[in-house]
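Remarks on the structure that follows.
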Amino acid sequence: MSVTSLKQLEKHLNLTQDELSWKEGPLSVPLCITDHYLSLIDPDDPDDPLRRQVVPTCHENMTDDAESPDPLQEVPHSHGERLVHRYRSRVAFLATDICPMYCRHCFRRRFTGNMMGPATERDINDAAAYLGSHPEISEMLLTGGDPLTLSDSQLDHMIGVFRKASPRLIIRICTRYPISQPDRITEDLVAMFKSHSSAPFYLMTQFNHPRELTEKSIRAVAMFVDAGIPAMNQSVLLRGVNDNADTLEELCNALLFNRIKPYYLFQGDMVSGTAYFRVPLRKGMEIEQELRRRLSGLAMPSYTADLPDGGGKVPLCGSYIIKSEDKEKGSWTFRTPDGGIRTITDPQS
Ligand SMILES: *Cc1c(COP(=O)(O)O)cnc(C)c1O
Ligand code: SF4
């Protein structure tokens with residue numbers, strides 16, 4: 001079950017003025033919070049970092065000039081409504097626009113929650129034909145929306161069609177179900193994925209705060225990992241949610257301990273109505289440097305921006321190179337994370 005209106009939500013939380021004055025606009029994702037997630041929110045804390053991710057406020061109604069509905073230019077890179085081919089070797093397939101719970105920071109709000117529903121047979125066949133004629137594509141992100149809103153048999157069918165067109169296609173299952181509604185993850189669901197054994201699957205989660213790693217969520221992810229499907233996490237750096245090194249250190253270590261590799265930490269995209277979530281780059285990079293000092297290589301995510309106008313992903317880290325290639329000596333000078341200076345010299349011949 002879930003809560004889908006401010007009226008219902010008022011029974012659970014004491015809503016603030018900012019929350020009560022939210023207006024649903026053409027680009028807003030619907031209000032929908034699962035009971036599981038709602039139970040994790042502290043009703044007495046208006047600044048609860050979980051509340052901030054799912055309860056809309058009037059700040060969402062403000063658009064900053066630099067923002068756009070589609071900053072990653074997914075639409076011009078799309079083939080049909082559902083297939084985004086932005087990088088040569090991989091595609092994203094938007095299996096559905098529906099999610100069990102909507103994140104206020106959703107970057108794909110041009111598409112998410114429009115209630116168009118699952119991809120049609122034609123969308124699936126068109127995407128499969130595209131895979132067949134583009135052998136350079138080795139990976140597919142099954143995303144949306146949340147693809148696990150589809151039934152096991154719908155997913156089984158869809159994956160069967162894609163793997164028939166491209167048997168060695170690696171499929172990433174991009175979902176927030178382990179966080180929003182962990183009981184969706186069943187032995188049957190995992191067995192269905194496993195039955196498509198011609199290529200691997202990866203589970204891509206989006207844990208943004210350590211409190212989202214509940215016992216149930218951990219068990220849901222463990223079912224995939226135990227079945228040989230590795231789990232990777234893509235967090236979004238969000239103001240008022242996780243924009244400090246202590247929270248992210250705790251999150252990344254807890255993820256790693258539960259066999260979920262911290263993969264990306266995304267800078268918020270410049271999507272309409274999300275300015276209040278974005279963290280200034282300088283602050284983001286300071287947090288990244290601090291995390292690099294504290295975390296193991298395995299626990300460290302790559303802080304990354306997906307550049308506007310479809311520029312693609314670039315790593316965001318302060319440079320450790322002080323002086324690049326000194327032509328005479330063939331040497332490069334670096335600063336160490338602790339503030340020292342070191343030099344690497346290229347081979348003489
Ligand atoms: C981010 C993204 C990918 C995957 O990129 P990786 O760096 O391989 O994780 C693929 N397609 C689209 C459209 C993306 O936005
Ligand atoms: S789960 Fe993903 S697609 Fe759905 S609202 Fe959240 S960020 Fe958007």
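With viscosity 0.692 mPa s and temperature 37 °C, the Kirkwood radius over alpha carbon pairs of segment 250-291 converts through Stokes-Einstein to a diffusion coefficient of 272 µm²/s. Whole-Hz Karplus values for segment 169-183 come out as 6, 6, 10, 9, 8, 9, 8, 10, 3, x, 8, 7, 7, x, 6 Hz, taken residue by residue from phi with 6.51 cos²θ - 1.76 cosθ + 1.60 and θ = phi - 60°; glycine and proline positions read x. With one equal scatterer per alpha carbon and no solvent term, the Debye-computed log10 I(q)/I(0) for segment 82-142 at 0.13, 0.15, 0.26, 0.28 1/Å reads -0.38, -0.50, -1.10, -1.18. Here the chain is assigned +1 on the Cβ of each Lys and Arg and -1 on the Cβ of each Asp and Glu. Its dipole about the Cα centre then comes out at about 880 debye. Taking amide H as placed 1.01 Å from N in the peptide plane, the amide H of Y303 sits under 5 Å from that of L265, L316, each at least 5 places away or on another chain. Ordering of 243-254, 133-144 by packing is 243-254, 133-144, highest average first (other Cβ atoms within 10 Å, averaged per residue). Highest mean packing first, where packing is the average number of other Cβ atoms within 10 Å per residue, the peptides 87-95, 172-180 line up as 172-180, 87-95. In the chain, helical runs assigned H by DSSP with n ≥ 4 each contribute -39500 (n - 2.57); averaged across all residues and rounded to the nearest 500, the mean residue ellipticity at 222 nm is -8000 deg cm²/dmol. Rounded to the nearest Hz, the phi-derived 3J(HN,Hα) couplings of segment 57-69 under the Karplus curve 6.51 cos²θ - 1.76 cosθ + 1.60 (θ = phi - 60°) are 9, 5, 4, 5, 7, 9, 10, 8, 4, 6, 7, 8, x, where x marks glycine and proline.
Rounded to two decimals, what is Rg over Rh for the chain when you use alpha-carbon atoms and the Kirkwood radius?
Working: Rg = 21.3 Å, Rh = 21.6 Å.
Over the Cα atoms of the chain, Rg/Rh equals 0.99.
Diffusion coefficient (Stokes-Einstein, Kirkwood radius over C-alpha pairs, 4 °C, 1.567 mPa s) for segment 214-349: 76 µm²/s, rounded to a whole number. Note on K323: aspartates and glutamates with a C-alpha under 17 Å away, same-chain residues under 8 apart excluded, are D346. In terms of packing, defined here as the mean over residues of other Cβ atoms within 10 angstrom, the peptides 120-126, 310-316 line up highest first as 120-126, 310-316. Helices assigned as whole DSSP H runs in the chain whose Cα atoms extend at least 15 Å along their own long axis and whose mean Kyte-Doolittle hydropathy is -1.0 or higher are found at 121-133, 152-165, 215-226, 245-257.
Rule-based calculations on the coordinates, nothing more; no lab input. Treat the numbers as computed from the prediction; the structure is a model and nothing was measured. Note that each Cβ is placed from the backbone with ideal geometry, even for glycine, and that neighbours are counted across all protein chains shown.
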